[in-house]
1. Taking the structure as given and computing Cα extents along the principal axes in Å, which label from (1) 56, 38, 38; (2) 47, 44, 44; (3) 84, 43, 38 fits?
2. What is the order of K262, K131, fewest Cβ neighbours within 10 Å to most?
3. Add -39500 (n - 2.57) for each DSSP H run of 4 or more in the chain, then divide by its residues: what number comes out at 222 nm, to the nearest 500 deg cm²/dmol?
4. Can you sort E235, E89, E10 from fewest to most other Cβ atoms within 10 Å of each residue's own Cβ?
5. Among G108, G52, G306, which one moves the most in a GNM of the chain with springs linking Cα atoms closer than 10 Å?
6. Among residues other than F284 whose Cβ falls under 10 Å from its Cβ, what is the net charge (Lys/Arg +1, Asp/Glu -1)?
7. With springs only between Cα atoms under 10 Å, which of E22, E179, E292 fluctuates most in a Gaussian network model of the chain?
8. What does the net charge come to around D264 if you take all other residues with beta carbon closer than 11 Å to its beta carbon, with K and R at +1 and D and E at -1?
Amino acid sequence: MTGSSGHLGEALVRTLRGEGCEVIGLDVVASSYTDVVGSIVDRRVVRRCLDGVEAVLHTATLHKPHVGTQTRQDFVDTNVTGTLNLLEEATSAGVGCFVLTSTTSVFGRALVPPPGAPAAWITEDVVPVPKNIYGATKKAAEDLAELVSVDHGLPCLVLRTSRFFREPDDHSEIRNAYEDANIKVNELLYRRVDLEDVVGAHLLALSRATSVGFGRYIISATTPFSRDDMDQVREDAPAVVRRLFPECEATYAGYGWKLFPKIDRVYVNEKARCDLGWSPRYDFARALARLEAGEDPRSPLARSVGAKGYHSVPQYPYTTP
């Protein structure tokens, strides 16, 4: 398990150990979920960690929040070279399968349709157009995974996760206009997934990798929208939500919340549900029901892991004070 001290890494280590699995956690940051403090950039460390390992879950990465604090070379070293180290050493060690955590950020500029166009319906068929070094290096890591999988027969699945972090939104205009919980529930409509569901997708990927061989999957909460809704959600998203969830208006009013006026893209998880048998539980409908009952819409696992931040020195909003 790489990135074992991070949001997803910790959640996966907790879950796997709870199921009686032996896990070796590797991270540059020490934690109770990390057994080896070291970098995936160091091939010797990677080789040592892979001795006797049956499967690799690769969640370690430099993230979008690091774009302003790390160099492009840092991103290449960690996201590309580090991933190549893992793939090649996994092949040499006879590892049975490899799951790479990627991101919907690889789609980049393809996520924003031109003025007057419907909201983008994002499936695995959409061609990525990276817009920053984060997206570019994650796409390169995906391509390396496919190359090694095809050339060496290493079963490898790539999971393009949407937002699951606890930290505040990175856009000040959004943070200033909406409560943080309001933002995250709104995003379940089109671009967010609960941490517990992400963990479930990774565990299914481990079990299905051998039969699939290689595949890329979008991991996001199941959207209530259909493709026919894309024109209207781009112009008047609340009208579509009110039609689908008549109870939403009263529930939101009770919290002083509001819906986003427009939505520019919708992530579609159909392929993951069909190929992996994934059934995410924490969608917008469930969040509404929990809010109506006065309950927290997040999963127990998401609440337990909490916020991590991305920097050792606070860089608001990415590291909570």
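What follows draws every value from the coordinates through simple rules; no lab data is involved. Quick caveat: nothing in here was measured; it's all calculated off a predicted structure. When we count neighbours, we look across all protein chains shown, and the Cβ atoms used for this are built from the backbone with ideal geometry, even at glycine.
1. Comparing each candidate, only (1) matches the computed number.
2. On the way: K262 13, K131 16.
Fewest-to-most Cβ neighbours within 10 Å comes out as K262, K131.
3. Working: 13 runs with 132 residues, N = 321.
Rounded to the nearest 500, the figure is -12000 deg cm²/dmol.
4. Details: E235 14, E89 22, E10 26.
So the residues, fewest neighbours to most, are E235, E89, E10.
5. Comparing G108, G52, G306 in a Gaussian network model of the chain, the most mobile one is G52.
6. On the way: positive: R192, R286; negative: E187, D283.
Cβ neighbours under 10 Å give a net charge of 0.
7. Result: E22 has the largest fluctuation of those listed.
8. On the way: positive: R191, R234, K262, R265; negative: E235.
Result for the neighbourhood of D264: +3.
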